[in-house]
1. Six or more apart or on different chains, Cβ atoms under 8 Å: show the pairs whose first residue is in region 211-233 and within 12 Å of Lys190 (Cα to Cα) and whose second is of a type in the set (Asp, Glu) and assigned to a helix (DSSP H, G or I).
2. Which one is modelled with the highest pLDDT, of the residues in region 236-281 that are farther than 22 Å from Gly375 by Cβ and out of contact with any strand residue (DSSP E or B) (no Cβ under 9 Å at 6 or more places or on another chain)?
3. Pairs under 7 Å by beta carbon, first residue more than 18 Å from His210 (Cα to Cα) and modelled with pLDDT under 90 in region 169-184, partner part of a helix (DSSP H, G or I) and among the hydroxyl-bearing types (Ser, Thr, Tyr), six or more apart or different chains?
4. Output yes when any residue across region 453-460 is surrounded by fewer than 17 Cβ atoms within 10 Å (Cβ to Cβ), over 28 Å from Pro361 (Cα atoms), in contact (Cβ under 8 Å) with a residue 12 or more places away in the chain and in contact with a helix residue (DSSP H, G or I) (Cβ under 7 Å, 6 or more places away or on another chain), and no when none is.
5. Mind telling me which of the residues Lys150, Lys166 ends up being within 15 Å of Gln110 (Cβ to Cβ), in a helix (DSSP H, G or I) and not β-branched (Val, Ile, Thr)?
6. Run Met293 past the list (1) surrounded by fewer than 14 Cβ atoms within 10 Å (Cβ to Cβ); (2) outside any loop (DSSP other than H, G, I, E, B); (3) at pLDDT 75 or above and report the number of the one that doesn't hold.
7. Looking at region 169-197 only, could you name the residues that are in contact with a helix residue (DSSP H, G or I) (Cβ under 7 Å, 6 or more places away or on another chain), closer than 28 Å to Gln53 by Cα and not in a helix (DSSP H, G or I)?
Amino acid sequence: MHMFAVFSRSFLQNSGQIASVAPLPGIALATELLAIVITLCDNVPQNKSAARQLANRCKSMYQALEQYETADIPDRTDKYRDAVFRCLQNVRLKMTTWSKKSRLYMLLHQNEFETDINDCNAIISDCLSILLAATNLESLAWQQEDERWKRDLQESLDDDRRAFRKLLSSVTFVQHAQASTVMQNQTDMKKLLDMMQKGLAEGADSKEDHDRMASNLYDLLRLSNQLPPQIQLDSGEVEWTNRVPTGGCKNVDIYKGRYLKREDVTIKVIRTVRKDEETINRIRREIELWAKMHDIDKGRHIVPFYGFCTTDGVRLALISPWIAHGDALAYVKKHDRLVDYRKLIRGTAEGIGVLHSMVPPIIHGELKATKILIGDEGQPLLTDFALAKLEGNLITQSVGVSDAYRWCAPEMCSDTSTVSTKSDIYSFGMTILELLTHEKPYASIARGIRVIQKMEKGILPDRPSNPRVIERGLDDRMWQLLIACWSFDADKRPSIDDLLVTFR
């Protein structure tokens, strides 16, 4: 029994018509199947252009079958009907699946849909080629027609991609995403965020659409508590508020910018870092570490880094949230009587604990009060723990002896410059002293070289006797803790876990 006859019997049985209607001829059955395919293509919720183009190709194939059936051809066979039937069946099965999906599902699975569309079109082309050869139509005309269909398909796919970008920039898109299951599926959420960021790079139809897409992306990043998937932010994610630095230091200029139209950010331009492949790869690795920590910390103790961008095509800039309260040293000086110093120190220790708990442990390497920012709720946030690596060693870069030695463990000041979790503990001890005194370590010593000479002799900072410093928390117990942190033998220093137990 031919395939058409088998399908005919099944179709009629399912329609409840087997008793009253005779089996349909093959061409009539193809007509019925074509109608189903056209309806399914019309019901696909998204990618409308490609679906309509596919329906039109099916019509063209059906018309070629009609020509074959009516042509004066000796020894006509059913194999061409079977070929058309199989092709229409294939399209029907695929479009049945897609017609039941949501717009958001099709957005997330756009590549799979396009693969199905291309596969269907390839099968139709093969079927048409066989049919037209059997009907003895001119091959050149067929080749030209097939090329036109391919161009039409590409244009349809491009139209659908533009429609998707329009969807991503719609005012109701975030609401649709929240109402769907995508918010509960981390893989789908990351895929959606990646699509939106790439949509910004590809460009929207208008500036208004681009800005709204950026705003939608920002909302979804906040709702999902994730960082942007693409860390190179050169697609309009970051805008400079002005080109005048708001601050900085020897190797860094700090500017204020706007992120995804919604949030003020810090643009930290590293003057000593050039834009080359090796540097970019190094930055990627550092920011990927930040992303892993953000998955654990969620911004409670560590300032998140959103990514990096280029400035003048040569220099690189790191992008992070704008922290209005500034660094911890400036904050305690301004709000001395309002600060809970014990809470501030404990919160800083918890941030160091996040770094040291990573596998392998992450070393801050340059801990001091100016590397601690103060969040909106007064909480300490560690920052810049990778910046020293990106700049190169700031101590060795500097002309003469850097003031950074005041916070550095003795082993960091040697020729081998050894860093470890224990060197962070030493620096943390100096940072506690700095926060409680409002002065840098060894404050009575003006020159950095004299600080090194003191350190080499094992001479620690003088114990402050100012009553206000003691009131802030530098009592006998705290002083003994600092002495333990400053042990010349790194192995004798407490771990961050030891300190956290003490601060509780």
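1. Matching pairs, first to second residue: Pro229/Asp194; Gln230/Asp194.
2. The selected residue is Gly236.
3. Close Cβ pairs satisfying both conditions: Met183/Ser224.
4. Within region 453-460 (the criterion being surrounded by fewer than 17 Cβ atoms within 10 Å (Cβ to Cβ), over 28 Å from Pro361 (Cα atoms), in contact (Cβ under 8 Å) with a residue 12 or more places away in the chain and in contact with a helix residue (DSSP H, G or I) (Cβ under 7 Å, 6 or more places away or on another chain)), the answer is no, since none of the residues qualifies.
5. Only one candidate qualifies: Lys166.
6. Here Met293 clears every test but (1).
7. Ser169
The values are calculated or read from the model by the stated rules, or taken from the named source; none is laboratory data. If you're wondering where the values come from, they're calculated on a predicted model, not measured in any experiment. Positions of Cβ are generated from backbone atoms using ideal geometry, with glycine treated the same way; all protein chains shown enter the neighbour counts.
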